[in-house]
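Asker: My questions will all concern the structure given below.
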Amino acid sequence: MSSISLSRYRGAVYLIAALLVYSLFASSALSAEKGKQLLQQRMNQLAERGSLNLEGEVISSKSFLPEFYRQRDYQLAWTAHMDNARVLAARILSSHEEGLVPADYHAAEIKKLLALSSGKQFPEARQVDLDILLTEALARYAYHLRFGKVDPGKLDADWNMPRSFKGQDPVVELQSVIDSADFNAQLDARITQLPVYKQFRQALAKYAVIAAAGGWPSTPAGETLKPGMQDARVPLLRKRLQASGDLTATVNDSSEYDAMLESAVKQFQSRHGLEADGVIGKGTLAAMNVPVDARINQIRVNLDRARWVSQDIPETYGIVDIAGFNARLFRNGE
């Protein structure tokens, strides 16, 4: 090949390469602009109608979300933070461990869209939808972790515990969480460190295992049972107390109310604020017959109550347990 032909060949190659680069940049710019337009359209619709339906997922943050994206000039928030998006997806899928409901945070749809987003053909409209879903999920989840799901002020007009962001702009705070290099730590920081909250979480996990195993049997009403008596309901009582962990011995079919069962009954009574006398009367039997799902709901309610009162408490504080007839003083977490 002559030097002139070689020069022309190289020039053609450079030109093609330059055109390809330009095409890629132009395509990327066009894509970003289209995404911006789609996002702005969705936020306008949300602000005007009060809700937004994204393939069956209802977005209801009619004030916060439009303002969040307006301050970003309608640029997608999660494009450079997909690792954090996957961490969020895992967190909300397991949010039942906090007594919360994964569906409240679009868990299933986010999981599906994240799986699709790794493919080559992921429509821009769905990419925008995923960004919106992630942002609302994070805003709602972080708020619920910090302040609780239910507003106590709507239940009690005299409620006077503060629920504030301490002067920080929620939009700025949310963006800092999305951008965080330690996303999990940011969310963990919003969970109360009250000892009672940790105990509730442990109890919830325990009772979830019991529920998954089928719960516990209900015991029919009858005469008051006392140690040493014979009764056909005793084997059922053993199974009930073994299911909740109060009876650790091997269950047998004896109808005798023996010393081992008495010890288990006393432990159950003590845990439930009942007189630990080993006598199974109406009160103790009623407590035993509360279904495991009802106990789980009680724990979930109390987890939320703990979130209500966990903000801005001093290092030294007191907790009065009215039902349990005790009071505790805490200093430096002890």
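Asker: I need to check one value: relative contact order of the chain, counting alpha carbon pairs closer than 8 Å and at least 6 residues apart, in percent.
Answerer: Normalised by residue count, the contact order of the chain is 15 percent.
Asker: Considering only Leu261, Leu76, Leu39, give the residue with the highest GNM mean-square fluctuation for the chain, with springs between Cα atoms whenever their separation is below 10 Å.
Answerer: Leu261
Asker: Evaluate the relative contact order of the stretch 190-334 (contact order divided by residue number), counting alpha-carbon pairs under 8 angstrom at least 6 apart; express in whole percent. Intermediate values should be presented prior to the final figure.
Answerer: Numbers: 165 pairs, mean separation 40.0, N = 145.
Here the relative contact order equals 28 percent.
Asker: Further question: Compute the distance in nm between two label points, each set 7 Å from the Cα along the Cα-to-Cβ direction, one at Val58 and one at Lys154.
Answerer: 1.3
Asker: In addition: Using a Gaussian network model of the chain with C-alpha springs under 10 Å, which one of Phe200, Phe147, Phe122 is most mobile by mean-square fluctuation?
Answerer: Looking only at Phe200, Phe147, Phe122, the largest GNM fluctuation is found for Phe122.
Asker: Can you pull out the GluC sites (Glu not before Pro) in the stretch 241-321 whose DSSP state is coil and whose Cβ has at most 11 other Cβ atoms within 10 Å?
Answerer: Glu315
Asker: By average Cβ neighbour count within 10 Å, what is the ranking of 124-131, 241-248, 53-60 from highest down?
Answerer: In decreasing order of mean packing, 124-131, 241-248, 53-60 become 124-131, 241-248, 53-60.
Asker: Once the dipole of the stretch 22-164 is set up with Lys and Arg at +1 and Asp and Glu at -1 on Cβ about the Cα centre, which of Gly148, Leu39, Ile92 lies farthest towards its positive end?
Answerer: Leu39
Asker: Cross-link list Lys62/Lys154; Lys149/Lys198; Lys226/Lys266; Lys198/Lys266; Lys111/Lys198: which exceed 22 angstrom alpha carbon to alpha carbon?
Answerer: Over 22 Å Cα-Cα: Lys198/Lys266; Lys111/Lys198.
Asker: Next question. Could you give the Stokes-Einstein D for the chain in µm² per second, using the C-alpha Kirkwood radius, 25 °C, 0.890 mPa s? Kindly include the intermediate steps, with their values, before the conclusion.
Answerer: Numbers: Rh = 24.7 Å.
Calculated translational D: 99 µm²/s.
Asker: Full-extension gain between Lys198 and Asp182, please, as 0.36 nm times their residue separation minus the C-alpha to C-alpha distance.
Answerer: Once the chain is fully extended between Lys198 and Asp182, it gains 3.5 nm.
Asker: Roughly how tilted is helix 234-243, in degrees to the nearest 10 and between 0 and 90, from the longest Cα axis of the chain?
Answerer: 30
Asker: Please turn the phi angles of the stretch 31-42 into ³J(HN,Hα) values with the Karplus equation 6.51 cos²θ - 1.76 cosθ + 1.60 (θ = phi - 60°), one per residue in order, whole Hz, x for glycine and proline.
Answerer: These are the phi-based 3J(HN,Hα) values: 5, 4, 5, 5, x, 4, 5, 4, 5, 5, 4, 5 Hz.
Where a number appears in this text, it was derived from the coordinates with a stated rule and is not lab data. It should be emphasised that the depicted structure is a prediction, and the values quoted were computed from it without experimental measurement. So basically every Cβ, Gly included, is an ideal-geometry build from the backbone, and we count neighbours across all protein chains shown.
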